[in-house]
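This report refers to the structure that appears directly beneath it.
Bear in mind these aren't lab numbers, they're just calculated from the coordinates by the rules spelled out. Being a predicted model, the structure only gives us computed values, none of them experimental. Here the Cβ positions follow ideal geometry from the backbone for every residue, glycine too, while neighbour counts run over all protein chains shown.
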Amino acid sequence: MNLSIRLESIISMVSPVETLADIGTDHAWLLIELLNRNIIQQGIAIDNKEGPLAIAQRNVASEGLTDKISLLKSDGALKLKTPAQAWVIAGIGGENTLEIIENSLSQAQQLEQLILAPHSKIEIVRARLAELNFTVRSEQLVKDEKFYVIINAQYSKNQQQLTLKETYLGNLESDPLYEEYVSNLLETYQQILTLQTRKDPLLKDVIEMLETELRERR
């Protein structure tokens with residue numbers, strides 16, 4: 001099966017568990033591959049739309065995994081009753097990602113792995129996870145036409161106060177794509193600032209931080 005770079009990277013972040021829920025499963029390929037590689041024993045494919053679930057059901061059946069993957073129509077994890085040790089929430093914006101977590105917070109707090117791959121506003125995700133007492137155990141950069149950050153987090157009961165650098169750059173410094181990612185962020189934020197009539201002080205601080213980070217690494 002030919003998977004995208006992003007899906008392969010998400011798979012690489014998953015440690016072996018009994019049951020994983022893929023929230024926003026789309027066509028269930030992530031769960032199918034995790035099962036085929038014996039990383040998980042059971043999967044729960046969750047989506048809030050009938051169309052993707054119907055395609056997921058066909059894919060699961062064609063792979064002979066109907067006894068291993070159950071399908072659930074739900075907004076986030078609201079209807080999830082089966083215990084799972086890990087969740088994957090990928091392919092949606094940062095704010096929607098956080099909404100899913102906060103709407104089912106007690107369940108999220110019990111997870112061994114909370115793997116997130118939002119396609120936007122990763123800084124908001126990091127900041128809110130810290131406020132909710134989740135510790136980011138690892139992060140990975142992926143370049144698949146655009147940059148994605150994949151986060152593996154777990155509830156720790158320890159609230160953290162992130163610095164500006166930690167909020168926007170996480171703990172990605174050892175990633176091979178780090179400098180290119182920082183340069184890309186800097187260019188994006190500089191373009192946004194140029195278009196602003198009233199310059200956002202926070203954005204100016206972020207740009208200064210990114211410029212400093214690049215200078216110190218060169």
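Do the sum for the chain: with -39,500 (n - 2.57) for every DSSP H run of n ≥ 4, divided by all residues, what is the mean residue ellipticity at 222 nm, to the nearest 500 deg cm²/dmol?
-13000 deg cm²/dmol
In whole Hz, with x marking every Gly and Pro, tabulate ³J(HN,Hα) for the stretch 142-151 from phi via Karplus 6.51 cos²θ - 1.76 cosθ + 1.60, θ = phi - 60°.
10, 10, 9, 6, 10, 7, 10, 10, 10, 10
Using the per-residue mean of other Cβ atoms lying within 10 Å as a proxy for protection, in what order, highest first, do the peptides 68-81, 179-192 fall?
So the order, starting with the most tightly packed, is 68-81, 179-192.
Can you divide the C-alpha Rg of the stretch 150-218 by 2.2 N^0.38 Å and report the result to two decimal places?
Taking N as the residue count of the stretch 150-218, the ratio is 1.27.
Amide H of residue 137 versus every other amide H placed in the peptide plane: which residues, excluding those fewer than 5 positions away on the same chain, fall under 5 Å?
152, 153, 154
For the stretch 181-193, just list the computed ³J(HN,Hα) in residue order, Karplus coefficients 6.51, -1.76 and 1.60, θ = phi - 60°, integers in Hz, with x standing in for Gly and Pro.
Computed from phi, the couplings for the stretch 181-193 are 5, 4, 4, 5, 4, 4, 4, 4, 5, 5, 5, 5, 4 Hz.
Multiply the residue separation of residue 197 and residue 132 by 0.36 nm, subtract the distance between their alpha-carbon atoms, and state the gained length in nm to one decimal.
This chain segment gains 20.0 nm when fully extended.
Return the long-range amide H neighbours of residue 21 (sequence gap of 5 or more, or a different chain), with a cut-off of under 5 Å between placed amide H atoms.
Excluding prolines and chain starts, which carry no amide H, the hits are 44, 86, 87, 88.
If you take the beta carbon distance between residue 211 and residue 11 as r and set R0 to 30 Å, what does 1/(1 + (r/R0)^6) give as a FRET efficiency, to the nearest 0.05?
0.30
Can you list the HN-Hα couplings for the stretch 68-75, worked out from phi with the Karplus curve (6.51, -1.76, 1.60; θ = phi - 60°), rounded to whole Hz and with x for Gly and Pro?
Computed from phi, the couplings for the stretch 68-75 are 10, 10, 9, 10, 9, 8, 7, 7 Hz.
Please compute the net charge surrounding residue 130, taking Lys and Arg as +1 and Asp and Glu as -1 over other residues with Cβ under 12 Å from its Cβ.
Spelling it out: positives minus negatives among the neighbours equals -1.
Report the net charge of residues surrounding residue 215, where surrounding means a beta-carbon distance below 15 angstrom and charges are Lys +1, Arg +1, Asp -1, Glu -1.
Surrounding charge for residue 215 is -3.
Need one number: % antiparallel among DSSP beta bridges in the chain, to the nearest 5.
40 percent
Taking each pair of distinct Cα atoms in the chain once, what is the resulting Kirkwood hydrodynamic radius in Å?
18.3 Å
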